[in-house]
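These notes are about the structure you will find just below.
The values are calculated or read from the model by the stated rules, or taken from the named source; none is laboratory data. This one's a predicted model, so the numbers in the text were calculated from it and none came from an experiment. Cβ placement follows ideal geometry from the backbone for every residue including glycine, while neighbour counts extend to all protein chains displayed. Areas reflect the complete protein model, heavy atoms only, side chains present, ligands, DNA and RNA absent. Shrake-Rupley method; radii C 1.70, N 1.55, O 1.52, S 1.80 Å.
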Amino acid sequence: MRYRATKEASPMSNPKMEPTDNTQKNPDEWLSGDDPMTGAQASYLKTLCEQAGTPEMFDENLTKAAASKLIDDMRKKAQVA
């Protein structure tokens, strides 16, 4: 019996594909969620807070998980996709 290799589509091979729900983990469940936010998160969050008209919401002492949640909120307020 012969098997034919198939190429499965993945977000890596097709950047227009949306990731499946199981690839997105709740920040509260992150193992590193209590670590300080990354430099990239801080930069993006600061910009989003300014765009949303709430620069006071930016806190440089946020954890990765808290920053991720605030990024989601600020994206909605700033209407950035």
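Structure notes:
- Spin-label pair residue 34/residue 61, simplified geometry with 7 Å Cα→Cβ offset, distance in nm: 1.7
- The share of accessible area on segment 39-81 that comes from carbon and sulfur is 48 percent, using a 1.4 angstrom probe.
- Average Cα contact separation per residue, segment 30-81, under 8 Å, 6 or more apart, as relative contact order %: 47
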